[in-house]
Amino acid sequence: MFDFLVVGCGFAGITASRILAEKGHKVLIADKRNHIGGNIYDYYNEDGILIHKYGPHIFHTNKEEVWKFLSRFTIWREYQHKVLSYVNGILVPMPINLNTINMLYNTNYDSISINDFFNTVKVNVEEFNNSKDVIVSQVGEELYKLFFEGYTKKQWDMYPYELGKEVTSRVPTRHNRDPRYFTDKYQGMPKHGYTKMVENILEHKNIKVMLNTEYKEIKEEVKYSKIIFTGCIDEFFEEKYGKLPYRSLNFIEETFDKEYYQPVGVVNYPNDYDYTRITEYKYLTGQKNDKTTIMKEISSATGEPYYPIPKPENKKLYSLYKKEAEDAKDVYFLGRLGTYSYMNMDAVVLQALELCENL
Ligand code: FAD
Ligand code: UDP
């Protein structure tokens, strides 16, 4: 008899399992995949390069409790993520910053005069209703088209004006030269990889792990008092209000017989290539090797659900499932799929910590 059945062995499920186990509850955590960690799973490929199976994961947070919790299970490698964008045939810093503008337009702005530039190009937006408004209000139409329109169309098969403002709000505009993708207080990569950190989180006498196990296969077979579900919420309720849309990705991995392939960890392609970005893992992990592995991401309407799609009609549909979830007894939903929200890793961990604090 378990106190909790936790469905999903990603960040949401493992955090919840650990906290509950430490409170003395007996937990069974099950995942349909053949590995732990959900989308943060990493492993050494056949060329010996540590890669992330489900695309690049860089840890960053301003939430001290999340950093403190995870730091019990890993030491960190200092890493500040840098991204370049391939625009007009050159690689320029992304998020757009002072150097991006000077490189693209062959200008010499400094951090004061750049304000004149942005003031000239930016569009006056009265009300921020979508992801295009957010960008044009900062950098104007031309830079919006160069950096955001094509990338977003590829990533979501929608234009920014069709998506909620939270999508492009994730990417700031900078009036200085700061080249980092994130500016959070705590940033880094688990020194021995995410999978090792996940193993450490799950290492507790009150936690049992079952892999290759679909929720439906065991829900009647195992005895438990409560469920924490981190899979798709619409799937849990057998899509009774209709299917929630998710965006998927195909990951193309290539290994080269040279030390490095590109100058930074990630290069974005906001143009007509079929992929949105290329990650070179050695920058993220700090691994030294004569070979290097890159990963191209090509987004897709079908396949594993990776991104909830933030647009008004989907939020409305989700709210029906959310109501159903609130009324359900002894079932709790967590995570990116369980609460249909475009959350980073730290937000997922915090959500799980908070739920388990209150259970
Ligand atoms: P998941 O990791 O998806 O775990 C859910 C688990 O539930 C899965 O393992 C699944 O197999 C299992 N499951 C689902 N249904 C069932 C079922 N019916 N039965 C059994 N098991 C089931 N965040 C950052 O902070 N920084 C980044 O750089 C970053 N990069 C990202 C890049 C990509 C390409 C993607 C897709 C996401 C990225 N994220 C990043 C977000 C991050 O992946 C998520 O916030 C986090 O992994 C979500 O954890 P989760 O537990 O909610 O979901
Ligand atoms: N985006 C873009 N161009 C870029 C980077 C981001 O248009 O070069 C938009 C795009 O819509 C993307 C969103 O901003 O989905 C959020 O970007 P982020 O890098 O946070 O995406 P994630 O890492 O979550 O895939």
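Within region 63-75, is even one residue of a type in the set (S, T, N, Q), under 20 Å from Tyr281 (Cα atoms) and either within 16 Å of ligand 2 (Cβ to nearest atom) or in a loop (DSSP other than H, G, I, E, B) (or both)? Yes: one or more hits. The set of residues in region 329-338 that are within 16 Å of ligand 1 (Cβ to nearest atom) and either surrounded by fewer than 20 Cβ atoms within 10 Å (Cβ to Cβ) or among the charged types (D, E, K, R) (or both) comprises Val331, Arg336.
Each residue in region 79-95 was checked for being out of contact with any helix residue (DSSP H, G or I) (no Cβ under 8 Å at 6 or more places or on another chain) and crowded, with 18+ Cβ neighbours inside 10 Å, and 4 of them qualify. Just one of the listed residues (Glu166, Glu149) is within 23 Å of Ser299 (Cα to Cα), within 11 Å of ligand 2 (Cβ to nearest atom) and not in a helix (DSSP H, G or I), namely Glu166. Looking at Glu22, Glu46, Glu78, just one residue is more than 15 Å from ligand 1 (Cβ to nearest atom), under 24 Å from Lys226 (Cα atoms) and either modelled with pLDDT of 95 or more or among the charged types (D, E, K, R) (or both), and that residue is Glu22. A search for C-beta distances below 8 Å between a residue of region 114-130 that is in contact (Cβ under 8 Å) with a residue 24 or more places away in the chain and within 14 Å of Ile101 (Cα to Cα) and any residue that is among the hydroxyl-bearing types (Ser, Thr, Tyr) and not in a helix (DSSP H, G or I), counting only pairs 6+ apart in sequence or on different chains, returns Phe118/Thr173. Quick check on Ile29: is it within 11 Å of ligand 1 (Cβ to nearest atom), farther than 29 Å from Pro263 by Cα and in a strand (DSSP E or B)? Yes: the conditions hold for Ile29. Can you find a residue that is touching a residue at least 60 places away in the same chain (Cβ under 8 Å) and over 30 Å from Asp274 (Cβ atoms) anywhere in region 152-174? The answer is no, given that none of the residues of region 152-174 is touching a residue at least 60 places away in the same chain (Cβ under 8 Å) and over 30 Å from Asp274 (Cβ atoms).
Please specify each residue of region 319-335 satisfying the condition of being within 25 Å of the chain's Cα centre (by Cα) and over 21 Å from Ile19 (Cβ atoms). Those that are within 25 Å of the chain's Cα centre (by Cα) and over 21 Å from Ile19 (Cβ atoms): Ser319, Leu320, Tyr321, Lys322.
Considering only residues in region 96-131 that are surrounded by 10 or more Cβ atoms within 10 Å (Cβ to Cβ) and of a type in the set (Val, Ile, Thr), the one that is farthest from ligand 1 (Cβ to nearest atom) turns out to be Thr107.
When we screen Glu254, Glu324, Glu313, Glu280 for residues that are closer than 25 Å to Val83 by Cα, more than 15 Å from ligand 2 (Cβ to nearest atom) and surrounded by fewer than 18 Cβ atoms within 10 Å (Cβ to Cβ), the only hit is Glu254.
Beta carbons closer than 6 Å, at least 6 apart along the sequence or on distinct chains, pair a first residue in region 91-113 that is assigned to a loop (DSSP other than H, G, I, E, B) with a second that is of a type in the set (Phe, Trp, Tyr) for Tyr109/Phe117.
The values are calculated or read from the model by the stated rules, or taken from the named source; none is laboratory data. Keep in mind that what you see is a predicted model, and the values were worked out from it rather than measured. Because the Cβ atoms are built from the backbone with ideal geometry, glycine has one as well, and the counts that use them run over all protein chains shown.
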